[in-house]
Amino acid sequence: MNKKQIVEYLSDNGVDEIEEIKSKEDTLVLRFYYYYDEIEIAAAENYAVEESEEEEEEKWRDDFYIPYLIDIAEDNVGEIIEEICEEFDLVGEFVSRGIDDEEENNEFIVAFSKNDIDIENIIEELEI
């Protein structure tokens with residue numbers, strides 16, 4: 001497994017602060033952040049206003065705005081992970097660790113392997 005190429009692929013596709021958590025011959029575990037751009041933030045705001053018919057209140061934020069941002073990040077990261085798996089003939093699983101308080105980014109943990117993996121077991125094992 002070529003760790004360097006995987007990290008470069010992630011970096012080239014819009015994720016930042018990529019950190020290697022664990023690396024063995026057949027498994028690579030990384031932490032990284034997906035930062036929202038202005039277009040994604042504006043889309044989340046528009047969606048929240050449309051759906052809630054309220055402007056920037058707590059319910060608006062918690063029920064519509066934040067979930068929309070999380071969905072965007074998970075969809076985009078999911079596509080990137082899928083492309084990496086196809087490109088490098090790997091199995092990959094990821095989990096979102098949540099959006100930061102400033103609503104600028106979403107943290108992810110991803111595991112790649114040549115064999116079947118269970119991201120939840122890996123996270124538990126590594127205590128992260």
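The values are calculated or read from the model by the stated rules, or taken from the named source; none is laboratory data. All of these numbers come straight from a predicted model, not from anything done at the bench. Cβ: placed from backbone, ideal geometry, glycine included. Neighbour counts: every protein chain shown.
Observations, loosely collected:
- Top-ranked residue in region 104-128 [being touching a residue at least 40 places away in the same chain (Cβ under 8 Å) and over 12 Å from residue 22 (Cα atoms); ranked as surrounded by the fewest Cβ atoms within 10 Å (Cβ to Cβ)]: 115
- Matching residues in region 1-12 - criterion: being surrounded by fewer than 13 Cβ atoms within 10 Å (Cβ to Cβ) and in a helix (DSSP H, G or I): 3, 4, 5, 8, 12
- Selection within region 82-96: residues that are within 9 Å of the chain's Cα centre (by Cα) and farther than 19 Å from residue 65 by Cβ. The member of this set that is surrounded by the fewest Cβ atoms within 10 Å (Cβ to Cβ) is 95.
- Test result for residue 117, modelled with pLDDT under 90, more than 16 Å from the chain's Cα centre (by Cα), in a helix (DSSP H, G or I) and of a type in the set (A, V, I, L, M, F, W, C): no
- Each residue in region 18-55 was checked for being within 18 Å of residue 101 (Cα to Cα), surrounded by fewer than 12 Cβ atoms within 10 Å (Cβ to Cβ) and within 19 Å of the chain's Cα centre (by Cα), and 2 of them qualify.
- In region 19-36, the residues that are more than 17 Å from residue 123 (Cβ to Cβ) and either modelled with pLDDT of 95 or more or of a type outside the set (Asp, Glu) (or both): 34, 35, 36
- Residues of region 86-124 satisfying the condition of being out of contact with any strand residue (DSSP E or B) (no Cβ under 8 Å at 6 or more places or on another chain) and not charged (D, E, K, R): 121
- In region 68-78, the count of residues that are of a type in the set (S, T, N, Q) and surrounded by fewer than 16 Cβ atoms within 10 Å (Cβ to Cβ) is zero.
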